[in-house]
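**Q** The structure that follows is given in the form of structure tokens.
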Amino acid sequence: MIILGLDPSLTCTGWGLIRAEGSRISHIANGQVKTDAKAPLPDRLAHIDRALAAVIADHDPVQAAVEEIFVNDNPQSTLKLAHARGVALLACARAGLSVAEYAPRLVKKAIVGTGGAAKEQVQAMLRVLLPGTKVAGADAADALAVAICHANHRPRF
């Protein structure tokens, strides 16, 4: 089963694809969708939508997992994150994917073993779990972590 993990952000949305076969996982692809901070909000959201639609069309995932929103001290930042997250959820729903949502602390716990892990710890564990994988950046690493979290928590029939 191919799982798409997403780490939404208006600035840089990370995506990662893994194959999960039983308890085994393997890397397929990962990347980041960067937007122009000077562009109008609707244009930035449309860019994220087009890029995610292309990823989904190219790799045909069966399920998706998206990181839940964490509340920032700055309400404007939280609102911008919510816009990007809504676009990510819509892109998955439009493609007919079932979507699971995971809190950042649960994702870190699934990868590192503790919900308070630093980004560097998550990235170090990804090198262990997906050896030889070239990760496009921190947001792509977070997206791969979300996909792995889903692989570990999804119902198995």
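Nothing in this text is a laboratory measurement; each read-out follows from the coordinates by a stated rule. The model shown is predicted, which means the values in this text are computed figures rather than measured ones. Note: ideal-geometry Cβ built from the backbone for every residue, glycine included; neighbour counts use all protein chains shown.
**Q** Which of the residues belonging to region 16-42 are among the basic types (Lys, Arg) and in contact with a strand residue (DSSP E or B) (Cβ under 8 Å, 6 or more places away or on another chain)? Break it down stepwise before answering.
**A** Quick first cut of region 16-42, residues among the basic types (Lys, Arg) only: 19, 24, 34, 38.
Answer for region 16-42, where residues must be among the basic types (Lys, Arg) and in contact with a strand residue (DSSP E or B) (Cβ under 8 Å, 6 or more places away or on another chain): ARG19, LYS34.
**Q** Still on this structure, I have one more. Please state which of the following conditions VAL87 fails to meet, knowing it meets all the rest: (1) touching a residue at least 24 places away in the same chain (Cβ under 8 Å); (2) under 28 Å from ARG24 (Cβ atoms).
**A** Just one mismatch for VAL87, condition (2).
**Q** Based on what the data block shows, is ASP36 under 19 Å from ALA138 (Cα atoms) and surrounded by 21 or more Cβ atoms within 10 Å (Cβ to Cβ)? Can you show your working first?
**A** Values: under 19 Å from ALA138 (Cα atoms): yes; surrounded by 21 or more Cβ atoms within 10 Å (Cβ to Cβ): no.
The answer is no for ASP36.
**Q** From the list LEU10, LEU4, which one is closer than 14 Å to ILE148 by Cβ, aliphatic (A, V, I, L, M), within 16 Å of the chain's Cα centre (by Cα) and surrounded by 16 or more Cβ atoms within 10 Å (Cβ to Cβ)? Walk me through how you get there before you give the answer.
**A** Details: LEU10 fails: closer than 14 Å to ILE148 by Cβ.
Residue meeting the stated conditions: LEU4.
**Q** Answer with yes or no whether LEU144 is within 22 Å of MET1 (Cα to Cα), within 16 Å of the chain's Cα centre (by Cα), without any contact (Cβ under 8 Å) to a residue 60 or more places away in the chain and in a helix (DSSP H, G or I). Give the derivation first.
**A** Values: within 22 Å of MET1 (Cα to Cα): yes; within 16 Å of the chain's Cα centre (by Cα): yes; without any contact (Cβ under 8 Å) to a residue 60 or more places away in the chain: no; in a helix (DSSP H, G or I): yes.
When the stated conditions are applied, LEU144 does not pass them.
**Q** What are the residues in region 97-117 that are in contact (Cβ under 8 Å) with a residue 60 or more places away in the chain and more than 28 Å from ALA57 (Cβ to Cβ), if any? First the steps, then the outcome.
**A** Pass one, region 97-117, residues in contact (Cβ under 8 Å) with a residue 60 or more places away in the chain: 97.
Those that are in contact (Cβ under 8 Å) with a residue 60 or more places away in the chain and more than 28 Å from ALA57 (Cβ to Cβ): none in region 97-117.
**Q** Would you mention how many residues in region 24-45 are among the acidic types (Asp, Glu) and under 19 Å from ALA145 (Cβ atoms)? Step through it out loud before you land on a result.
**A** Looking only at region 24-45, we keep the residues that are among the acidic types (Asp, Glu), and these are 36, 43.
Retained after the next criterion (residues that are under 19 Å from ALA145 (Cβ atoms)): none.
The total comes to 0.
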